[in-house]
Every structure is written in C-alpha cells, then in structure tokens.
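**Student:** Quick one: the structure is below, and I'll ask about it shortly.
The values are calculated or read from the model by the stated rules, or taken from the named source; none is laboratory data. Computed from a predicted model, the values in this text were never measured in an experiment. Ideal geometry is used to build each Cβ from the backbone, glycine not excepted, and the neighbour counts take in all protein chains shown. Heads up: the accessible areas ignore ligands, DNA and RNA and are worked out on the full protein's heavy atoms, side chains in. Shrake-Rupley method; radii C 1.70, N 1.55, O 1.52, S 1.80 Å.
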Amino acid sequence: MNVKLFGSAIIIASLYFNAPVLAQPAPDYAALIEQAHQKFKSNADGKVADYIPALATYSPANFAITLATVDGKIYQTGDVKKAFPMESLSKVFTLALAMEQHGPHVVLEKLGANATGLPFNSGLAVELTKGAPENPLVNAGAISTVSLIDAKDKTDRWNKILNNLNAWADATLTVNEPVFTSEMETNQHNQALAALMASYGSLYGDTDEAVEIYTRQCSVDVTVEQLAKMGAVLANNGKSPFNGKQLLNARYVPQVLAEMAIAGLYDGSGKWLYTVGIPAKSGVGGGMVAVVPGRYAIAVYSPPLDEAGNSVRAQQTIHYVANATQANLFMTR
C-alpha cells in the first residue's frame, strides 16, 4: 500500500468529517411569494361565501400574500392593503387567551382536542359527543371558548378579546359593522349550537352573550400583514417579533399549534397535514395563516372557498411556499 496516499486519505477524511457545517442560505422569500402569486392568481376555482350576505360582496379576484419571519422581516405581494373579516381565524387567538388564563389542562378538559370529522358548524358532532365540543376551532367549541374567558362582565370580556387581537396583530383592529350586522341577522345556527352546548353543560356563561361576542370577534377586519404578524407570534414561541411582547407562555404554544393541526381546516385538516405538514387556520372570509415554528408565518387572502370552507388559492400558495422551504414538520433534515 502507498503509505503517503493512505496518509493523505486520512487527512482528507479528517478534514471532511470535522469540517464545520455550513449554514444553509436563507430562502428568497420575496421571490417565492411572488412566484406563488403569479402561479395561482388566474385560478378561478372555488366560490365566495354567500350564506353571510356581507361576505358575498367581496371580489373573488382579491389575492394577497404576506410572509413574516421570526426575526421581524416582512415580505408581501398582491392586494395587501385590502382588509377582510377574520371569521374563524379569530378562534386561534381567543383560544390562546383562554390558554393563557387557564392553562392547557383546563382547555383540554373543557374545549377538547379531537377532530370531529364533520363540518365546522355541525350540531350532529355535538350530539354524538353528548356536548363535548371536541376542539375550540369548530363553531361550537369556539363559542364555548368565548364563554370561558375570565371577565367581570360582557364589556370586559369583549375588551379583553379585542385587546388580545390587537396585541397579536401589532395594530388597532376594528369591527366591520356591516359584516357584524349581517352575521347577527343570519346566525340562528350558532345560537342553536350555543343552546345545545349549554344543555350539556359545556357552555360557561350566558348563551346570547357568548354568541354575540363570538360573532363580533369573527367580524374584526385584518390585512394579510396583520394576520402574518399574528402567526409569527406562534412561530416565535409566543413572543411578537414586532412589539417584543410575550403574548402566550412559550410552554403553551405547542398546544395551540396542535389544535390548529387537528382542526384548522375543518374536515380538510387531515388531508392538509398529510400533504403539507404545517399547522394552519382558515376563515370563510378568505383568509388563511400557517405557522412554521422557529422560522416564519405566512398569511394569504383570497375569498373563493372549497367545499370545506377553505380558501383555494391560499391553500395552493402556502403548499407551494412550504414545499419550497422544506417546511413540513415531519421531514427529516
């Protein structure tokens, strides 16, 4: 054997295996979201929600994307100045408030953490579980979540919920009054869900108050930038990268993300987790936010929805960006 060659091989191997691991370059988020916007903006699939009359007035052409990183950077494209009602997106952040007030054990006991396998407004799901809401991201569970918020009275409860949303969004948010009025005139199904929950002892306050405040929080307007900032709090262990406030105990963040993974896209949640692999939440106003822990949150606004009530272009966009950034939480890196 050539001793010199053998010795050189050892030196080369030693250098290779002991070399410092070079940091991977950060993804070009600006380019990625622009690519996604161009790729999906012409997709006309889906239908704007019309069972709430005020939502039917929003243009199906609206399409905006914002990505917010844990180090406070913002990348965005499209109709980013257009505000839209949070709808079910608000459920995540009121859940976080309930979690902060009561801790994960109470939330699990009183609000649950199981997929229903049924539509988000299902009364049958409540009956089948004898009043167990199963999770706080379906309507029955979200109404119960509102009733679980500690407060002196109705006004105090609403102020705590709105102030919490403001802190997460790093903005002063307002209720879209026409949407609120429209929803209050058409929310008989939610009133029935609240009464059904109360009959099983799974609503923790006045039913009319809980439904009204729930409807009001759903009617709060946001932009994609504000929504992405809210998601970035969860990506950053409960601390806002934008105002520096610890808005949720870091120990509770995994539980909120788990609820999003379980039921964030209603009865489309399993397929989403299977194919994309990151926690997300949608709203019938066309908004959607997804969280990649330790890295970023991405928010998309596009009103046309699939049959489960999730924005079509938002799902496509987030899937595209998540795949390009290897964000799937179940991947080995």
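**Student:** Give the accessible surface of the chain per residue, rounded to a whole number of Å², with probe radius 1.4 Å and ligands, DNA and RNA excluded.
**Tutor:** Accessible surface, normalised per residue, equals 45 Å².
**Student:** Just to confirm the number: angle between the C-alpha axis of helix 90-102 and the first principal axis of the chain, 0 to 90 degrees, nearest 10?
**Tutor:** Value to nearest ten degrees: 90.
**Student:** I would also like to ask the following. Hand me the chymotrypsin sites (Phe, Trp or Tyr not before Pro) from the range 29-58 located in a DSSP loop with no more than 16 other Cβ atoms within 10 Å, in residue order please.
**Tutor:** 51
**Student:** Further, regarding this structure: When the accessible area of the chain is split by element with a 1.4 Å probe, what percent falls to carbon and sulfur? Provide the component values of the computation, followed by the final result.
**Tutor:** On the way: 8150 of 14820 Å².
C and S atoms contribute 55 percent here.
**Student:** Compute the relative contact order of the chain as a whole-number percentage, counting only Cα pairs closer than 8 Å that sit 6 or more residues apart in sequence.
**Tutor:** Worked out over the chain, it gives 25 percent.
**Student:** Another question, if that's okay. Quick check: convex hull over the Cα atoms of the chain, volume per residue in Å³, rounded to an integer?
**Tutor:** Given the Cα convex hull of the chain, per-residue volume reads 155 Å³.
**Student:** Further question: What relative contact order, as a whole-number percentage, does the range 225-277 give when Cα pairs under 8 Å and 6 or more residues apart are counted?
**Tutor:** On the way: 35 pairs, mean separation 10.3, N = 53.
Relative CO of the range 225-277 lands at 19 percent.
**Student:** Full-extension gain between residue 192 and residue 331, please, as 0.36 nm times their residue separation minus the C-alpha to C-alpha distance.
**Tutor:** 45.8 nm
**Student:** A follow-up question, please. Over the chain, with a Gaussian network built from C-alpha contacts below 10 Å, which listed residue (197, 184, 99) shows the highest mean-square fluctuation?
**Tutor:** 184
**Student:** Could you check which residue among 76, 38, 191 shows the biggest mean-square fluctuation in a GNM of the chain with a 10 Å Cα cutoff?
**Tutor:** 38
**Student:** Let me ask something else about it. How are the Cα pair distances of the range 21-112 distributed, in percent, across 10 Å bins from 0?
**Tutor:** The calculated distribution, bin by bin, is 12, 27, 28, 26, 6, 0.
**Student:** I've got another one for you. Once you list every other residue whose beta carbon is under 13 Å from the beta carbon of residue 318, what net charge do they have if Lys and Arg are +1 and Asp and Glu are -1?
**Tutor:** Values: positive: 39, 281, 313; negative: none.
Result for the local shell: +3.
**Student:** Then there's this: Stretched out fully, how many nm does the piece from residue 56 to residue 31 gain, at 0.36 nm a residue minus the Cα gap?
**Tutor:** Length difference between fully extended and current span is 5.8 nm.
**Student:** Spelling out what I want: for every residue of the range 35-52, take phi, set θ = phi - 60°, compute 6.51 cos²θ - 1.76 cosθ + 1.60 (Karplus), and round to whole Hz; glycine and proline get x.
**Tutor:** Going residue by residue, I get 4, 5, 4, 5, 5, 10, 5, 8, 5, 9, 5, x, 9, 5, 4, 10, 6, 10 Hz, with x marking Gly and Pro.
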